[in-house]
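A.B. asks: Take this structure first; my questions come after.
The values are calculated or read from the model by the stated rules, or taken from the named source; none is laboratory data. Predicted model only: the values in this text are computed from it and were never measured. Methodologically, a virtual Cβ is constructed for each residue, glycine included, from the backbone with ideal geometry; neighbour enumeration extends over all protein chains shown.
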Amino acid sequence: MSYQNANEPVCSGADGAIELVIEPREKDLGGFSVRRVLPARERRMVGPFVFFDHMGPAEFPPGEGVQVRPHPHIGLATVTYLFEGEIMHRDSLGFVQPIRAGAVNLMTAGRGIVHSERAGDDLDTTSRLHGIQSWMALPLDLEEREPDFAHYPAADLPLLERDGASVRVIMGSAFGQASPVRADAPTLYLECRLAAGGRLRLPRDTDELAVYVVDGEVGIGGRDFSGGQMAVACPGAALELAAAADCRVMVIGGTSLGQRHIWWNFVSSSKERIEQAKQDWRDGRFAPVPGDDEFIPLPD
């Protein structure tokens, strides 16, 4: 399957701020559902973001939890960010790293990596999970870079108060603060929390920008949005958030990287490279995950 940004519609209306609105699709991951926002039929990418999943909020009884078996990736970087809960990451480079609320796990697949994501230390208790997992395409000259993994504790990410809003800078720079999380292309990724009545004008120094409402209600560009909706900004438009109720939103954006193809967990500018990745997985040429040897066959 090939994904790329659809032709941009003409921005019109009194506000001239919102290009389109994306409604998520429910996806069952086997006992656990997510709301998939990107890629969408209306819009395949926003800046380098080629995939955007809203996980939960979900509650698991003791002995149950997220269990994503080892699976491969190429040509992308995954960013896992939780509001609540814990996930244990393991990968073929030998990294074992739990992620908790406010921290970032950044895994760069490059030429190829395998990882699993399973319940953490809260498996034996009633547990909750809520967060965002996104994929970012890599620039053409870095698609085949060496794979890598990095963990950034919550305390390392800038957290600031501005105009009554709480803003965490997950990637990129905003309001004079820069995140330490490595970005291979110009990227903006923020978590913004506003109390009812709060307002926040977003920085606009990126090519593309979108706002996803995690929960609550917020006005953007003179239109009202609620949890589960993504508003994609018109080119060059400056957006202001106006909270109608307590809300949490994610701001994503950055430089457009052009066309990308997606098949299963593989992202590439080349269809032929994806075919090669399929064959490599069938033939066992990806490195295994130490201590987690379950296998997921290629989808039909």
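A.B. asks: Of all the strands (runs of 3 or more DSSP E) wholly in segment 123-191, which have at least 1 residues that are farther than 30 Å from ALA287 by Cα and not polar (S, T, N, Q)?
C.D. replies: On the way: elements: 127-137, 148-152, 159-162, 165-171.
Fully inside segment 123-191 and qualifying: 127-137, 159-162, 165-171.
A.B. asks: What pairs come up if the first residue lies in segment 154-166 and is farther than 17 Å from CYS247 by Cα, the second is of a type in the set (Val, Ile, Thr), and their beta carbons are under 6 Å apart, counting only those six or more places apart or on different chains?
C.D. replies: PRO158/VAL169
Each row is one residue, and each column tells you yes or no for (1) within 16 Å of the chain's Cα centre (by Cα); (2) within 27 Å of PRO139 (Cα to Cα); (3) aromatic (Phe, Trp, Tyr); (4) surrounded by fewer than 16 Cβ atoms within 10 Å (Cβ to Cβ).
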{"site": "THR187", "(1), (2), (3), (4)": "yes, yes, no, no"}
{"site": "ALA196", "(1), (2), (3), (4)": "no, no, no, yes"}
{"site": "LEU209", "(1), (2), (3), (4)": "yes, yes, no, no"}
{"site": "VAL213", "(1), (2), (3), (4)": "yes, no, no, no"}
{"site": "PHE225", "(1), (2), (3), (4)": "no, no, yes, no"}
{"site": "ARG248", "(1), (2), (3), (4)": "yes, no, no, no"}
{"site": "GLY253", "(1), (2), (3), (4)": "yes, yes, no, no"}
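A.B. asks: Right, another one. Inspect all residues belonging to segment 270-278 and state whether any of them is within 17 Å of MET107 (Cβ to Cβ), touching a Leu at 6+ places or on another chain (Cβ under 9 Å) and crowded, with 16+ Cβ neighbours inside 10 Å. Step through it out loud before you land on a result.
C.D. replies: At the first step, the residues of segment 270-278 found to be within 17 Å of MET107 (Cβ to Cβ) are 277.
Keeping just the survivors that are touching a Leu at 6+ places or on another chain (Cβ under 9 Å) gives none.
Taking every residue of segment 270-278 in turn, none turns out to be within 17 Å of MET107 (Cβ to Cβ), touching a Leu at 6+ places or on another chain (Cβ under 9 Å) and crowded, with 16+ Cβ neighbours inside 10 Å.
A.B. asks: Among the listed residues ALA238, ALA244, identify the single one that is aliphatic (A, V, I, L, M), at pLDDT below 95 and out of contact with any Gly (no Cβ under 7 Å at 6 or more places or on another chain).
C.D. replies: On the way: ALA244 fails: out of contact with any Gly (no Cβ under 7 Å at 6 or more places or on another chain).
When all the criteria are applied, what remains is ALA238.
A.B. asks: Picking from ARG273, ARG285, which residue would you name as being in a loop (DSSP other than H, G, I, E, B), modelled with pLDDT of 95 or more and not β-branched (Val, Ile, Thr)? Outline the logic, then answer.
C.D. replies: Working: ARG273 fails: in a loop (DSSP other than H, G, I, E, B).
Criteria check complete, one pass: ARG285.
A.B. asks: Six or more apart or on different chains, Cβ atoms under 6 Å: show the pairs whose first residue is in segment 205-229 and on the phi > 0 side of the Ramachandran plot and whose second is of a type in the set (Gly, Ala, Ser) and buried (at least 16 other Cβ atoms within 10 Å of the Cβ).
C.D. replies: GLY221/ALA17
Yes/no matrix, rows are residues, columns are (1) within 17 Å of the chain's Cα centre (by Cα); (2) crowded, with 23+ Cβ neighbours inside 10 Å:
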{"residue": "ARG25", "(1), (2)": "yes, no"}
{"residue": "ASP28", "(1), (2)": "no, no"}
{"residue": "PHE32", "(1), (2)": "no, no"}
{"residue": "GLU42", "(1), (2)": "no, no"}
{"residue": "MET45", "(1), (2)": "yes, yes"}
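A.B. asks: Which residues, counting only those in segment 104-122, are over 27 Å from SER269 (Cβ atoms), charged (D, E, K, R) and in a strand (DSSP E or B)?
C.D. replies: ARG118
A.B. asks: For ALA178, are the conditions met, namely being small (Gly, Ala, Ser), under 18 Å from TRP135 (Cβ atoms) and at pLDDT 95 or above? Full working, then the answer.
C.D. replies: Values: small (Gly, Ala, Ser): yes; under 18 Å from TRP135 (Cβ atoms): no; at pLDDT 95 or above: yes.
Here the answer is no, as ALA178 does not meet what is asked.
A.B. asks: So, one more: Taking the residues in segment 167-176 that are among the β-branched types (Val, Ile, Thr) and either touching a Ser or Thr at 6+ places or on another chain (Cβ under 6 Å) or in contact (Cβ under 8 Å) with a residue 60 or more places away in the chain (or both) as candidates, determine which candidate is surrounded by the most Cβ atoms within 10 Å (Cβ to Cβ).
C.D. replies: Checking each candidate, the answer is ILE170.
A.B. asks: Let me confirm something: among VAL251, VAL218, which residue is farther than 26 Å from ARG145 by Cβ, part of a strand (DSSP E or B) and touching a Phe, Trp or Tyr at 6+ places or on another chain (Cβ under 6 Å)?
C.D. replies: Working: VAL251 fails: touching a Phe, Trp or Tyr at 6+ places or on another chain (Cβ under 6 Å).
Going through VAL251, VAL218 in turn, the sole match is VAL218.
A.B. asks: Then there is this: Taking segment 89-117 as the search range and keeping residues that are in contact with a Lys or Arg (Cβ under 8 Å, 6 or more places away or on another chain) and more than 28 Å from LEU159 (Cβ to Cβ), which one is surrounded by the fewest Cβ atoms within 10 Å (Cβ to Cβ)?
C.D. replies: Top of the filtered list is ARG111.
A.B. asks: Residues of segment 24-57 being aromatic (Phe, Trp, Tyr) and farther than 23 Å from GLY75 by Cβ, which ones? Lay out the reasoning, then the answer.
C.D. replies: First pass over segment 24-57, keeping only residues aromatic (Phe, Trp, Tyr): 32, 49, 51-52.
Hit for segment 24-57 is PHE32, nothing else.
A.B. asks: State which residue is surrounded by the most Cβ atoms within 10 Å (Cβ to Cβ) when the search covers only segment 47-82 and only residues that are at pLDDT 95 or above and part of a loop (DSSP other than H, G, I, E, B).
C.D. replies: Only one residue tops the list, namely GLY75.
A.B. asks: Would you mind stating whether GLY131 is among the small types (Gly, Ala, Ser) and within 19 Å of PRO72 (Cβ to Cβ)? Can you show your working first?
C.D. replies: Details: among the small types (Gly, Ala, Ser): yes; within 19 Å of PRO72 (Cβ to Cβ): no.
Considered against the rule, which asks whether it is among the small types (Gly, Ala, Ser) and within 19 Å of PRO72 (Cβ to Cβ), GLY131 comes out as no.
A.B. asks: Here is a further query. Going residue by residue through segment 83-102, is there one that turns out to be modelled with pLDDT of 95 or more, aromatic (Phe, Trp, Tyr) and outside any strand (DSSP E or B)?
C.D. replies: Yes, segment 83-102 contains a residue that is modelled with pLDDT of 95 or more, aromatic (Phe, Trp, Tyr) and outside any strand (DSSP E or B).
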